[in-house]
1. How many residues does region 34-86 hold that are assigned to a loop (DSSP other than H, G, I, E, B) and basic (Lys, Arg)?
2. Could you say whether any residue in region 88-95 is part of a helix (DSSP H, G or I), open to solvent by 20 Å² or more (accessible area, probe 1.4 Å) and over 25 Å from residue 210 (Cβ atoms)?
3. Working carefully through the options 59, 30, 72, 44, find the one that is in contact with a Gly (Cβ under 6 Å, 6 or more places away or on another chain), open to solvent by less than 60 Å² (accessible area, probe 1.4 Å) and either of a type outside the set (Lys, Arg) or free of Cβ contacts under 8 Å to residues at least 40 places away in the same chain (or both).
4. List, please: which pairs have Cβ atoms under 6 Å, are six or more places apart or on different chains, and start with a residue in region 174-185 that is farther than 16 Å from residue 37 by Cα and end with one that is open to solvent by 50 Å² or more (accessible area, probe 1.4 Å) and not in a helix (DSSP H, G or I)?
5. Does residue 66 satisfy the criteria of being under 17 Å from the mean Cα position of the chain (by Cα) and of a type in the set (Gly, Ala, Ser)?
6. Would you mind telling me which numbered condition in (1) closer than 16 Å to residue 216 by Cβ; (2) modelled with pLDDT under 90 residue 15 fails?
Amino acid sequence: MSFGSGRPLAYPIIVTIGALAVCLAWAPFGDSDQVAMVATVALGITGYSGYRIAVALGGLAFWPSGTPRSVGISRIRQQHRLVSRSWLEISGTGRPRWVPVYFDPMLLTLTESRADLTDRSVSVAGHRLYPAGRIRATEPPGRLIDNPSMPAPDAPALTATATSIRRRLLLDAQPTVAAPFAALMWVYIDGGTLITFFAATTVAAAAALWLTAIRGSDPS
């Protein structure tokens with residue numbers, strides 16, 4: 001299964017629903033403290049996801065002081081620790097700025113272009129890209145890789161590979177290696193059995209996977 005162009009928000013939304021389903025599945029089996037903990041995680045997932053999606057869809061401004069303008073953009077891929085994200089480097093706003101965007105297959109072939117930028121949307125040649133966070137005036141941390149000046153000949157094959165949900169889940173699952181340690185901490189603090197440890201591990205893993213996806217991971 002893959003998510004093609006025009007549905008860049010489908011993957012993070014599905015991962016969010018999956019994380020909430022994991023929390024809901026374990027809630028009936030816990031005591032009051034454990035249910036409260038799971039409810040807190042679910043509430044955090046719901047609230048933060050709502051904020052991110054609202055920014056992406058233009059319900060909230062990602063650049064409060066911005067005014068509509070035509071700007072120059074180029075796509076860069078950020079590799080920072082275990083997370084990879086796509087950013088648009090924006091010129092023509094007085095000084096360079098960077099805005100994260102949810103992965104869209106068109107980013108793979110995007111060269112230096114002009115974009116229509118407002119405080120709530122970014123469009124390139126009529127194609128809308130969805131912000132995955134607020135605009136920033138400082139360069140993103142980590143390793144930054146610029147797109148080639150010309151689209152790669154193997155771009156269609158790369159697009160098919162990058163949009164595979166299996167590949168995306170596999171890449172985004174890297175931070176879940178910390179889930180058992182978070183579960184051990186919970187069992188140490190609150191007590192519990194092996195079932196408690198397993199439940200806490202799965203909830204922590206689902207939350208880690210969700211956080212990577214909702215922040216706009218890049219599978220390319």
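The values are calculated or read from the model by the stated rules, or taken from the named source; none is laboratory data. As the structure is a prediction and not an experimental result, all values here were calculated from the model. A quick note on method: Cβ atoms are made from the backbone with ideal geometry, for glycine too, and the neighbour counts reach across all protein chains shown. The accessibility values were calculated without ligands, DNA or RNA, using every heavy atom of the protein model including side chains. Shrake-Rupley method; radii C 1.70, N 1.55, O 1.52, S 1.80 Å.
1. Of all residues in region 34-86, those assigned to a loop (DSSP other than H, G, I, E, B) come to 58-68, 81-82.
With basic (Lys, Arg) added as a condition, the list becomes 81.
Final tally of qualifying residues: 1.
2. Initial filter on region 88-95 (part of a helix (DSSP H, G or I)): none.
No, region 88-95 contains no residue that is part of a helix (DSSP H, G or I), open to solvent by 20 Å² or more (accessible area, probe 1.4 Å) and over 25 Å from residue 210 (Cβ atoms).
3. On the way: 59 fails: in contact with a Gly (Cβ under 6 Å, 6 or more places away or on another chain); 30 fails: in contact with a Gly (Cβ under 6 Å, 6 or more places away or on another chain); 44 fails: in contact with a Gly (Cβ under 6 Å, 6 or more places away or on another chain).
One residue alone meets the criteria, 72.
4. 174/82; 175/82
5. Details: under 17 Å from the mean Cα position of the chain (by Cα): no; of a type in the set (Gly, Ala, Ser): yes.
Considered against the rule, which asks whether it is under 17 Å from the mean Cα position of the chain (by Cα) and of a type in the set (Gly, Ala, Ser), residue 66 comes out as no.
6. Just one mismatch for residue 15, condition (2).
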